[in-house]
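Input: one structure, supplied below.
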Amino acid sequence: MIAYVQGILENLEIDKAVIDVGGIGYEVNISASTCDRMPGIGDNVKLYTYMNVKEDEMSLFGFLTRDEIRMFRMLITVSGIGPKGALSILSVFDTDDLRFAILAGDVKTISKAPGIGKKTAERLVLELRDKIANADITGTEGIGQAAGSASTGKSSGEDASSRDEAVEALAALGYNATDAMKAVRKVLSNSDEKLDTEAILKLALKELF
């Protein structure tokens with residue numbers, strides 16, 4: 001297993017990069033997002049890699065952060081999503097936005113990724129939602145944690161209920177489910193007080209304006 005490649009960026013295209021490691025050029029498949037963030041030709045670069053092995057082919061897929069490769073590995077566990085499909089998704093979404101979309105059940109947004117239809121997006125949400133709920137989205141605070149509960153790593157059932165009701169209310173008002181969840185989470189993260197659904201909704205609406 002090749003955990004990462006580090007060397008000189010010899011060539012860069014929108015979907016692949018060639019890294020010179022001690023005189024050997026490694027061709028690595030990358031997302032469009034990764035391509036946009038790569039250094040210049042001739043500069044040093046490190047890509048965390050996943051090796052895909054088929055009967056007649058071995059290929060490397062590379063990422064600039066450990067978080068991206070973790071998400072990539074999670075995506076390819078979903079039935080119908082292979083390495084190239086996962087790259088396609090990560091070309092459209094950064095990891096945090098994708099987590100929000102999955103938790104919000106935002107099939108419409110996820111299906112905007114090239115080659116990802118509605119059924120595949122629904123399956124992705126179904127299979128990854130519980131896994132994402134227990135993962136960190138940024139820093140050390142878990143995605144499902146309400147304000148004041150980060151130290152325990154858990155939110156109370158009442159807090160979670162108020163959060164979910166606020167997200168549902170915002171979606172009913174016509175807001176994108178992913179944006180609604182982002183706004184609600186920001187409200188909870190910035191508050192030291194216990195908030196009911198109405199209070200969360202009012203503050204979240206201010207974040208969305």
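What are the residues in region 101-123 that are open to solvent by less than 50 Å² (accessible area, probe 1.4 Å), more than 23 Å from Cys35 (Cβ to Cβ) and in contact (Cβ under 8 Å) with a residue 24 or more places away in the chain, if any?
The answer is Ile102, Leu103, Ala104, Gly105, Asp106, Thr120.
Quick check: anything in region 131-140 modelled with pLDDT of 85 or more and either under 30 Å from Lys84 (Cβ atoms) or open to solvent by 40 Å² or more (accessible area, probe 1.4 Å) (or both)? If you could, list the steps in order and put the result at the bottom.
Pass one, region 131-140, residues modelled with pLDDT of 85 or more: 131.
Filter once more, so that each one left must be either under 30 Å from Lys84 (Cβ atoms) or open to solvent by 40 Å² or more (accessible area, probe 1.4 Å) (or both): 131.
Within region 131-140, one or more residues are modelled with pLDDT of 85 or more and either under 30 Å from Lys84 (Cβ atoms) or open to solvent by 40 Å² or more (accessible area, probe 1.4 Å) (or both).
Still on this structure, I have one more. Do the conditions hold for Ala86, that is, is it surrounded by fewer than 19 Cβ atoms within 10 Å (Cβ to Cβ) and either without any contact (Cβ under 8 Å) to a residue 12 or more places away in the chain or small (Gly, Ala, Ser) (or both)? Can you show your working first?
Numbers: surrounded by fewer than 19 Cβ atoms within 10 Å (Cβ to Cβ): no; either without any contact (Cβ under 8 Å) to a residue 12 or more places away in the chain or small (Gly, Ala, Ser) (or both): yes.
For Ala86, the condition - surrounded by fewer than 19 Cβ atoms within 10 Å (Cβ to Cβ) and either without any contact (Cβ under 8 Å) to a residue 12 or more places away in the chain or small (Gly, Ala, Ser) (or both) - is not met.
When the residues of region 53-69 are filtered to those that are surrounded by fewer than 19 Cβ atoms within 10 Å (Cβ to Cβ) and in contact (Cβ under 8 Å) with a residue 12 or more places away in the chain, which remaining residue is farthest from Leu170 (Cα to Cα)?
First, the residues of region 53-69 that are surrounded by fewer than 19 Cβ atoms within 10 Å (Cβ to Cβ): 53-59, 64-67.
Filter again for in contact (Cβ under 8 Å) with a residue 12 or more places away in the chain, leaving 59, 64-67.
Values: Ser59: 43, Leu64: 34, Thr65: 33, Arg66: 33, Asp67: 29 Å.
Residue satisfying both the conditions and the ranking: Ser59.
Among the residues of region 32-48, is any within 16 Å of Ile132 (Cβ to Cβ) and within 16 Å of the chain's Cα centre (by Cα)?
Taking every residue of region 32-48 in turn, none turns out to be within 16 Å of Ile132 (Cβ to Cβ) and within 16 Å of the chain's Cα centre (by Cα).
Hey, can you tell me all the residues within region 162-209 that are within 21 Å of Ile102 (Cα to Cα) and not in a helix (DSSP H, G or I)?
Correct list: Leu173, Gly174, Tyr175, Asn176.
The values are calculated or read from the model by the stated rules, or taken from the named source; none is laboratory data. This is a predicted model, so every value here is computed, not measured. Neighbour counts are summed over all protein chains in view; Cβ atoms, including those assigned to glycine, are modelled from backbone coordinates with ideal geometry. In case anyone asks, the SASA skips ligands and DNA or RNA and just uses the protein heavy atoms, side chains included. Shrake-Rupley method; radii C 1.70, N 1.55, O 1.52, S 1.80 Å.
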